[in-house]
1. Given 153/259; 132/207; 412/495; 394/496; 323/496; 495/520, which pairs have Cα atoms separated by over 23 Å?
2. Is the shape of region 127-287 rounded, prolate or oblate, going by the alpha carbon gyration tensor and its root eigenvalues a ≥ b ≥ c, with a/c under 1.5 for rounded and a/b larger than b/c for prolate?
3. In whole angstrom, and with the biggest value first, how far do the Cα coordinates of region 443-506 range along each principal axis?
4. Could you rank the peptides 259-271, 220-232 by their average count of other C-beta atoms within 10 Å per residue, with the highest value first?
5. Taking 7 Å along the Cα-to-C-beta vector as the label spot, tell me the residue 191-residue 257 distance in nanometres, rounded to one decimal.
6. Working out 0.36 nm times the residue gap between residue 210 and residue 164, then minus their Cα-Cα distance, what length gain in nm do you get to one decimal?
Amino acid sequence: MARAIRIEQLLVHNSTSPPEHDRTRPRTPVSRKNALPKRQPAPRPTISVKTSPISPVSASSPDRARFSWELDKADLSAVRHHRKRKSPVDDEGFPICHKPTRLPRFSVNIFHTEPVNVFPIPNEGVVPRMVKYYLQVWAPQHGRALAFEGHPKPYQSLVFPHALQNGVLFEAMVALARVSWLLQERLPWQKDAALTRHRANAFAGLKLRMTSETTCADDTTILTIAALTTIDYVLGVHEGAENHVNAMQQIRKIRLDLKGDTPWQYFLLSVMRAYEALWQFVKDRNEATTSMAQLSIDSPMRSELPIYPSLPFNIKVCEALSKVSTSFNDMAMAGELSIQMIDILANLSTQARGDGSATPPNSPPSSPGGRNLLNTIADLRCLSVMATTPIEHKLCFGIIGTCVTLHYGSEKISDDMHETLQGLEDSLVGNGKPEPQEENALNAHRECLIWISVAAAGALDQSELLSAMSMVLDQTLEQYPDETGDWETLEKILKKFLWNDLLGKHWKRCWRKAMHRQSKAR
């Protein structure tokens with residue numbers, strides 16, 4: 001009751017008190033004269049930035065003006081300045097320093113250099129991964145064989161830009177990369193849905209192009225046929241590859257304008273010639289009845305294409321290179337020898353460093369020496385008709401001659417080998433002058449060409465039919481008189497590649513015969 005009376009008295013007192021401006025302010029002690037009332041914020045000097053009247057300040061953050069897209073609140077908080085609060089004693093004369101701002105983080109790399117979403121087919125499924133595989137693995141491994149001056153990587157510099165403008169070629173390219181990846185990973189290709197889809201799309205697009213006079217023989221059709229032929233060849237579907245090559249031969253008869261005057265035309269002609277030569281060899285081999293033809297049919301190279309490794313080499317390639325000579329090592333490091341050729345050289349070098357004796361001519365099929373050397377000859381015959389580097393193409397014939405000499409020794413060779421040696425003679429002598437691109441590539445391998453000629457001449461000398469008419473070594477003596485004029489100089493060159501005592505004795509006899517023929521001709 002007393003508390004209620006007290007509150008009522010206070011209310012009456014407040015209502016009857018004079019106005020605020022009539023009341024006398026209480027005296028404040030001197031010590032508290034400048035004191036502030038409790039819980040009142042301290043006044044701060046306002047900071048004003050003077051700007052020119054002709055350059056108005058934008059209301060938006062300068063970081064937002066840097067981009068053409070709108071940033072959300074989370075990104076704006078990332079670029080907001082966290083400046084230290086200024087002290088009240090600071091005056092307006094101090095300049096305002098802006099710290100460099102950090103760019104906002106993005107979930108997608110906007111600076112990626114890939115041609116995203118510019119493919120002529122939907123960029124979905126395995127397409128992006130197979131495009132990367134094509135550019136990073138398949139094209140470098142197989143493009144070296146068709147490289148020429150100005151285009152060391154023709155599949156990247158010529159084929160891929162053209163495929164970006166043509167969907168049918170792009171489908172074939174993706175299918176080719178897919179089948180190569182499946183074989184590399186040893187996965188069954190028959191049940192792969194992606195390979196089936198892209199291969200079928202390429203076939204359907206090619207069929208439509210073949211029905212039109214304007215597109216049935218154009219550049220896109222040629223490259224699409226080449227890609228599909230490669231797929232059928234590596235899968236062992238040789239009937240389909242034969243149909244493609246027959247179509248390519250008909251196209252070549254129509255395209256009389258392809259003369260190789262430009263880099264693009266030179267590449268197209270190289271592709272067409274490579275597939276025609278390969279398939280002609282496959283066709284002749286399948287129709288032959290000799291034992292060497294049967295070895296070629298059973299060769300693993302029957303469904304393989306040359307693969308050129310790039311640095312850094314894997315352990316398997318390094319182990320193989322450790323067995324070969326320094327000169328062959330240098331050629332491999334320069335990217336001029338395929339993995340298949342490196343393996344052949346490694347095995348042959350190991351055999352050549354043995355006891356130096358020849359393999360008996362009547363070795364049974366189970367004999368390791370006879371099986372290895374004859375199978376090596378069959379592999380080299382397959383490799384020689386494929387698209388390879390110019391020096392590797394020539395090297396195939398020199399190694400064939402070396403294998404023949406190591407296998408038969410001083411004995412006469414069998415009749416089954418005459419076809420192989422005839423091809424060796426025709427390839428090294430009967431081809432005439434090489435094309436300018438090929439000639440430029442071979443000029444740097446002068447000593448290797450000498451070794452190839454001597455090794456091939458040694459095998460031809462063992463043939464009763466070809467020894468008297470062979471001109472391989474005679475041609476070499478005329479082209480390189482300084483290197484072949486005396487045996488000591490020539491022997492130093494031959495030892496840089498593949499050599500043992502058996503080969504050296506036989507090659508020296510062949511060299512003396514050629515020098516005698518040359519002196520009589522004078």
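Quick note: the coordinates plus some simple rules give every number you see, no bench work behind them. Quantities reported herein were computed from a predicted structural model and do not represent experimental measurements. Positions of Cβ are generated from backbone atoms using ideal geometry, with glycine treated the same way; all protein chains shown enter the neighbour counts.
1. Violating the 23 Å Cα-Cα cut-off are 132/207; 412/495; 495/520.
2. rounded
3. Principal extents (Cα only, largest first): 32, 26, 20 Å.
4. 220-232, 259-271
5. Reported label-point gap for residue 191 and residue 257 is 4.8 nm.
6. Length gained, residue 210 through residue 164: 14.5 nm.
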